[in-house]
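Data block below; observations after.
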Amino acid sequence: MTFLKKMAVTVAIAASILTTTAAQAKDFRIGLITPPNHIWTLTAQEFGKELEEKSSGKHKLAVFPAQQLGNEAQMMQQLQTGALDMGFLTLAEISNRVPEFGAFYAPFLVDNIDQAAKLLKSEEATKLLGELPAKAGVVGVGYAMAGMRQVLSRSAVKGPEDIKGKKIRITPFEPIKDFYNEIGAAPTPLPLPAVYDALANGQVDALDMDFDSILVLKFYERADNLMISNHMMFPMIGVVSGKVWAQLSDEDKQLIQTLMKAHLDKVIEKFAAQEKDQEKQLRDLKLTVTEADRAVFNDVVSKWEAMWKEKSKGALDTLKQAAEKAKAQ
Ligand code: BEZ
């Protein structure tokens with residue numbers, strides 16, 4: 001080969017390497033329903049920053065909070081087509097599509113947030129993520145969570161009897177709707193960003209909510225009775241579009257998987273660490289606080305479990321076993 005030919009081949013190889021690298025560089029987008037000051041959103045920003053650093057500036061992540069890209073059902077559709085790259089989503093919308101995930105919402109599956117944290121890190125929970133590419137068109141990188149669910153209401157509530165007939169705001173998904181239907185309440189599905197106004201204008205009498213959201217979104221300004229029941233855990237899931245994932249190099253998959261998972265774990269730790277302090281903050285706000293334990297919900301729990309044993313296709317039994325292990329740890 002002549003010198004000139006050799007040079008031409010070398011230049012062509014170099015150009016092809018550069019093109020490949022450039023093609024892999026990506027400006028990712030992640031969607032969330034939580035407001036800009038919520039831990040999930042702040043974590044998405046931290047994850048983006050680290051992704052940019054660790055990829056030496058090759059990848060960037062634009063964060064779209066507060067339903068800017070649509071509600072979770074709409075974001076799931078975008079994830080399935082590849083129009084959206086990533087999401088930090090409540091498990092609620094996933095459970096509407098893959099009912100196995102509804103088992104995480106079994107009432108009183110765990111007793112407290114520490115057990116919820118252990119359950120979400122369990123082998124059983126991790127194994128369920130394997131269902132997602134085929135059934136939902138997304139890759140489940142890992143779980144995080146918000147706080148345990150409580151009831152904030154305009155009038156005092158001590159247990160299921162007092163919730164009967166009340167319009168209670170729920171996150172839009174089946175397992176929680178079944179829970180409040182069994183109680184005899186009128187569950188009213190509303191996404192998180194719509195809740196404050198609905199409470200202010202009397203569209204709902206009560207909220208199914210966690211301590212953190214009650215404080216961060218100031219729901220206590222509009223309802224001053226809090227029933228602490230810890231009746232449900234509230235998982236979040238970090239997902240990547242299956243279509244986008246398929247186009248990533250192994251190296252990028254590894255980077256995203258590792259970084260996103262580490263940030264999701266931090267969310268779990270933050271919620272577990274702040275739960276007691278947030279309970280104190282709410283008590284200090286002079287709300288009327290009552291406490292309700294599993295015993296007053298026994299009837300409702302049995303009916304819910306009978307329904308979801310079948311609906312969740314065996315996942316309820318699996319997660320109940322995992323929850324027992326979490327309680328024993
Ligand atoms: C809710 O729908 O209640 C909710 C959603 C995301 C984070 C926290 C709460």
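Remarks
- Sorting the segments 49-60, 116-127, 93-104 by their mean number of nearby beta carbons within 10 angstrom, highest to lowest, gives 93-104, 116-127, 49-60.
- Pairs beyond 32 Å (Cα-Cα), from K121/K177; K166/K276; K26/K325: K26/K325
- Charged side chains reduced to their Cβ positions (Lys and Arg at +1, Asp and Glu at -1) give the stretch 182-329 a dipole of some 280 debye around its Cα centre.
- Screening the chain for whole DSSP H helices of 27 Å or more along their axis (Cα) with average Kyte-Doolittle hydropathy at least -0.5 returns 3-24.
- Separation in nanometres of the label points that stand 7 Å from Cα toward Cβ, at D197 and A273: 3.6 nm
- Only one residue of N201, W245, A223 has its Cα farthest out toward the positive end of the dipole of the stretch 197-264, where Lys and Arg carry +1 and Asp and Glu -1 on Cβ, and that residue is W245.
- The residue list G57, L120, P160 was ranked by how far each Cα lies along the charge dipole of the chain toward its positive end, using unit charges on Cβ atoms, and G57 comes out on top.
- Look at the dipole of the chain built from charges on Cβ: of T258, Q67, V300, the Cα furthest out on the positive end belongs to T258.
- DSSP bridge orientation in the chain - percent antiparallel, rounded to nearest 5: 55 percent
- Dipole magnitude of the chain, debye to nearest 20 (Cβ charges: Lys/Arg +1, Asp/Glu -1, about Cα centre): 760 debye
- Cβ-Cβ FRET estimate between S302 and K327, R0 fixed at 25 Å, reported to 0.05: 0.85
- Rounded to the nearest 20 debye, dipole of the stretch 37-152 from Cβ charges on Lys, Arg, Asp, Glu: 160 debye
- Listed by chain and number, the aspartates and glutamates whose C-alpha is less than 14 Å from the C-alpha of K49, apart from same-chain residues fewer than 8 away, are D27.
- Ranked by the mean number of other Cβ atoms within 10 Å of their residues, highest first, the peptides 166-174, 237-245, 287-295, 319-327 come out as 237-245, 166-174, 319-327, 287-295.
- Helix-only mean residue ellipticity at 222 nm for the chain, each DSSP H run of n ≥ 4 adding -39500 (n - 2.57), per residue, nearest 500: -15500 deg cm²/dmol
We did not get these values from a lab; they are worked out from the coordinates using the rules stated. In this text, all values refer to a predicted model and were calculated from it rather than measured experimentally. Quick reminder, even Gly has a Cβ in these numbers, built from the backbone with ideal geometry, and neighbours come from all protein chains shown.
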